[in-house]
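Visitor: Below you'll find the structure I mean.
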Amino acid sequence: MPDAKTFPLNAWYAAAWGHEIGRSLAARTVCSRDVVLYRRQDGIVAALEDACWHRLLPLSMGHLQGDEVVCGYHGLVFNAAGRCTYMPAQKTINPSACVRAYPVVERHRLVWIWPGDPALADPALVPDFHWNDGTDWVGEGGTAYSLKCDYRLVVDNLMDLTHETYVHAGSIGDEAITGTPFEVTHTERTATVTRWMIGIDPPPFWAKQLDRPGAKVDRWQIIHFQAPSVIAGDVGVAVTGTGAPEGDRSQGVNGTFLAAITPETETTCHYFWNFVRTFRTDDEALTRAIQRAHVNDGEGVYDQDFTVLEAQQKAIDRNPRLPFYNLNIDAGALWARRLIDRMLEREGGGPALVPSQAAE
Amino acid sequence: MPDAKTFPLNAWYAAAWGHEIGRSLAARTVCSRDVVLYRRQDGIVAALEDACWHRLLPLSMGHLQGDEVVCGYHGLVFNAAGRCTYMPAQKTINPSACVRAYPVVERHRLVWIWPGDPALADPALVPDFHWNDGTDWVGEGGTAYSLKCDYRLVVDNLMDLTHETYVHAGSIGDEAITGTPFEVTHTERTATVTRWMIGIDPPPFWAKQLDRPGAKVDRWQIIHFQAPSVIAGDVGVAVTGTGAPEGDRSQGVNGTFLAAITPETETTCHYFWNFVRTFRTDDEALTRAIQRAHVNDGEGVYDQDFTVLEAQQKAIDRNPRLPFYNLNIDAGALWARRLIDRMLEREGGGPALVPSQAAE
Amino acid sequence: MPDAKTFPLNAWYAAAWGHEIGRSLAARTVCSRDVVLYRRQDGIVAALEDACWHRLLPLSMGHLQGDEVVCGYHGLVFNAAGRCTYMPAQKTINPSACVRAYPVVERHRLVWIWPGDPALADPALVPDFHWNDGTDWVGEGGTAYSLKCDYRLVVDNLMDLTHETYVHAGSIGDEAITGTPFEVTHTERTATVTRWMIGIDPPPFWAKQLDRPGAKVDRWQIIHFQAPSVIAGDVGVAVTGTGAPEGDRSQGVNGTFLAAITPETETTCHYFWNFVRTFRTDDEALTRAIQRAHVNDGEGVYDQDFTVLEAQQKAIDRNPRLPFYNLNIDAGALWARRLIDRMLEREGGGPALVPSQAAE
């Protein structure tokens, strides 16, 4: 494994779904940092280093006392700012006794934490994930905790949907994806892959949602990456000739796949996902069916991705042959990697895997 | 993990209960040394290096032949001194063919072995563990083999009983322990922590044993450490005002918790324990009840300690933040560590974890 | 573990039984190289590097398309020579895009691959394993895939059958083996151990096959090693005085044990074995009984060897005490090791374990 850093620390990373954090202690590892999360009595989420100042026992093995955490070994107490407020059998508390407190923002139904320099933790930098709010867009996702791969392999996966043709043949995969050119644009913090497939037969999933038998459709995939690891993919189909490429999607159906990918360690990650839609938003059976289509005991399309991603990581671990070779289809992923690398460079660590050779 | 040595080799370590060693071969790892133990026909226990001189197969996979061990691969035979007495298809035996024999003493119902220099293995140095003899004091203990922590974490645990308040709340834990001052004394090879809680309500376990409803008690905890890793804790309660602090325990009940902790590797250990008493010594149901109160499929007080100790070791392995910070309550453990460190220094290895910062 | 190489690469190694390779993709690891095997439409077996040129996903997770392999991630296609013939969304294929193709020969019911320099892969060098053809000699063997030991420990095991006396007491083991001298001869690529036990009582297995109650027999064990890791052991018994040592085996029964041992990694191997015979060749029940006598859910004689071999490897991993000490009985194994070492030297890597000290 390369020594170079693989993830920037000065970034907001999803650590949990809001509903997972209540009045008990929840352990998470984010960017190789062990964290204990809990909800204060005023509803605010706190995140502390998950190792007691005294003898390192995970604080998550202790219990909550009001807004403070009591260590399960010797009873030291830490407040939500990480300061020690009680030591057994001592009247004086060492003023330096504390554990690290991580900046937290709860937004878009997720709890985001900032593992790097707290002085830089600007809440305005929390990625735009508004589709996940549960307001205009409807859907229920999930999390693949501790997925056994570098979080960047998930980014690669989502930035190039030609893999759908091969990994997800028979559901959302389609020869048209591979056959259609795409374009990549980028800003300093984002990269966007846009592909329009004009006048094609819709693949099974979309044909069913559109419910216009026989109609040719224009299908779009507009994948938006926010560095270092959040992706929102605007996808859908509309009846051909009704103006979708020009902006009128009224004769179509539209969804967005959402991914907030959080490094757990150098070679594992947490993958918070959702698929939300603006059509048939009241149809709870459809919501559940879409969820199950993604993750369902190994049968969903994301389950197929997980298998591939973990096998790819194993192969990387075993295989000293680096760098990756790249194809034209990798243009979007390469821009995502480049933006991550720039963040790493700004933090003083070089990129770990330098993509280099083009395929043509 | 630090490279420095964590255990002295020139010491007697408990390797097994006497009743566990009979006329068959038993494998143990002590101080990272693989050992095969067996009882000779004259009843003496022998301990040999558990790897055949020839091709390293564990001798414990072979069988006993009289007082000798036959290797299970090619039939080499070794006597109880470790000398090879038979080689297949050879008339002449290489005079240097041998495996290491370890000094052994069986005492206080335990088998002790000396992994270091045999010339220094003085039986007079076997720790005082007479409470375990099964004579004046009665109790049945057990062993936590291959506990996944540095043996010194167990020493820390037992030298500071304030942890009872938090780890064992509801059984032997009590606010009084934390609130009461204690004193530490030491000699060149021992450290003793003494705490007297005067005029308190007895905690549930002791209230029941004393059977003097309503009476206030004086409770004592006198924990005696013998370097590197044997502890005997003199504990009990007596009716307040009957002279216990001055030496008259006739109006009280008295027990001793016993721990012989043996490094298996740098980060695992064997923990031989017992709790013996001088009251109701004929009550076998009480003996069994006390044993189950300590270890009982995860429900006993020692099971609670094991969970904490193994989590602490995991945290140490993950966490480069060293040294430990210390509190006043750690004074006893610090002396124990200091005595271990002196033994390590005498053997030429530095201590592995230097406790350094006081909390006040 | 020593850094030096343990296996030569320029050699034919058994990778699979022929019947295991059909019109699907089979993964194997040979000499630390991940390989995917499949049978082309013309019946020829192909072997490719099991990692896609593009992003390293194992090709064995993809599927066959005619004689080509389609990667299961992005659909790249590789032909049986390892050349990429299709890239998604590209008209031009990078001419350097390929995976490694390994030379393959199918012979003697096994698929042999050459992990080293393809230019040296002479089919004439495939080890003589004709006993396994299923023609004159009859038997059904099996494979211990991923046996957890250095392949050379299996060679040691088979080159010195005195271990039968101890590991296989009660079946084929016999005191006579250990008591009888043997001789070792060798060529540049082979070593042969010959042992004749004259006028002995046959051990149970052979007594039953010979079916001459009360007769004394001459028993032979002529073990033939072909470097680096193929062994054929000519074994049997004939009635004493009927000329077997001089070449007339007509009054005897004869079998050959066969071993093709393939390094999987430095410390694991695949062990293809068979036991074939020229007596009662039509007796299918006997064929099955002999197979079960070797491997049978831990009860067979080879199961006993596997237990010993894996324990020996564990001991070597734990034990820095090297080199091995050797006995007279190791003369055959030493010659085998020497021939392996010479192959390693020719490839520029030193031997990993230098056997050195004789026992007398």
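Visitor: If you bin the C-alpha pair distances of the protein assembly as shown every 10 Å from 0, what whole percents do you get?
Guide: 2, 9, 14, 15, 16, 17, 14, 9, 4, 1, 0
Visitor: A further question on this structure: Using a 10 Å cut-off on Cβ atoms, rank the peptides C:211-217, B:305-311 from the highest mean neighbour count down.
Guide: Values: C:211-217: 13.7, B:305-311: 20.4.
Top to bottom by mean Cβ count within 10 Å: B:305-311, C:211-217.
Visitor: Which whole-percent values make up P(r) of the range C:44-116 when all C-alpha to C-alpha distances are grouped in 5 Å steps starting at zero?
Guide: 3, 17, 27, 23, 16, 8, 4, 2, 0
Visitor: How far is residue A:145 from itself in the other copies, in nm, if each label sits 7 Å out from Cα along the Cα-Cβ line, shortest first?
Guide: Label point to label point, same position, other copies: 3.3, 3.3 nm.
Visitor: Still on this structure, please answer the following. If Lys and Arg each add +1 and Asp and Glu each add -1, what is the summed charge of the other residues whose beta carbon sits under 10 Å from the beta carbon of residue B:243?
Guide: Surrounding charge for residue B:243 is -2.
Visitor: Next question, about the same structure. Using a label position 7 Å from Cα in the Cα→Cβ direction, what is the ascending list of nm distances from residue C:122 to the same site in the other copies?
Guide: 7.2, 7.2
Visitor: Next question, about the same structure. From the cross-link list B:5/B:148; C:5/C:148; B:5/C:314; C:148/C:208, which pairs have alpha carbons spaced over 26 Å apart?
Guide: Details: B:5/B:148 17 Å; C:5/C:148 17 Å; B:5/C:314 23 Å; C:148/C:208 34 Å.
Violating the 26 Å Cα-Cα cut-off are C:148/C:208.
Visitor: For chain A, what does -39500 (n - 2.57) per DSSP helix run (n ≥ 4), summed and divided by total residues, give at 222 nm, in deg cm²/dmol to the nearest 500? Before the final figure, lay out each step's value.
Guide: Details: 7 runs with 71 residues, N = 360.
Value at 222 nm, helices only: -6000 deg cm²/dmol.
Visitor: Right, next: For helix A:284-294, what angle does its Cα long axis make with the longest principal axis of chain A, in degrees from 0 to 90 and rounded to 10?
Guide: Helix A:284-294 sits at roughly 90 degrees to that axis.
Visitor: For residue A:86, place a label point 7 Å from Cα along the Cα-to-Cβ direction in every copy; what are the distances to the other copies, in nm, shortest first?
Guide: For residue A:86, the other copies' label points sit at 6.8, 6.8 nm, shortest first.
Visitor: Okay, moving on. What average number of partner chain Cβ atoms lie no more than 10 Å from the Cβ of the residues making up C:51-63?
Guide: On the way: counts 6, 3, 5, 7, 15, 13, 10, 6, 0, 1, 6, 1, 2.
Mean partner shielding for this stretch: 6.
Visitor: Modelled label-to-label distance, residue B:212 and residue A:194, 7 Å Cα→beta-carbon offset: nm?
Guide: My value for the distance between the label points is 8.9 nm.
Visitor: Peptides B:195-201, B:49-55: what's the order by average Cβ count within 10 Å, highest mean first?
Guide: Working: B:195-201: 16.6, B:49-55: 24.7.
Listed from highest to lowest mean packing, they are B:49-55, B:195-201.
Visitor: Once you place label points 7 Å from the Cα toward the Cβ at residue A:23 and residue A:85, how far apart are they in nm?
Guide: Going from the residue A:23 label point to the residue A:85 one covers 1.6 nm.
Visitor: Roughly what angle does helix A:301-318 make with the longest principal axis of chain A, taking Cα atoms, 0 to 90 degrees, to the nearest 10?
Guide: 70
Visitor: In a shell of Cβ-Cβ distance under 13 Å around residue B:303, excluding residue B:303 itself, what net charge do Lys and Arg (+1) and Asp and Glu (-1) give?
Guide: Values: positive: B:292; negative: B:297, B:299, B:305, B:310.
Combined, the nearby Lys, Arg, Asp and Glu give -3.
Visitor: Enter the mean number of other protein chain beta carbons within 10 Å of the beta carbon of each residue in C:87-94, as an integer. Walk me through the numbers before you get to the answer.
Guide: Working: counts 6, 12, 12, 6, 2, 3, 3, 7.
Shielding by partners across C:87-94 averages 6.
Visitor: Moving on to the next point. Taking each residue of B:159-168 in turn, how many C-beta atoms of other protein chains fall within 10 Å of its C-beta, and what is the average? Can you show the working numbers first?
Guide: Values: counts 0, 5, 0, 5, 8, 0, 4, 10, 6, 0.
Per residue, the average neighbour count from other chains is 4.
A short reminder: the numbers here are calculations on the coordinates, not readings from a lab. This is a predicted model, so every value here is computed, not measured. Because the Cβ atoms are built from the backbone with ideal geometry, glycine has one as well, and the counts that use them run over all protein chains shown.
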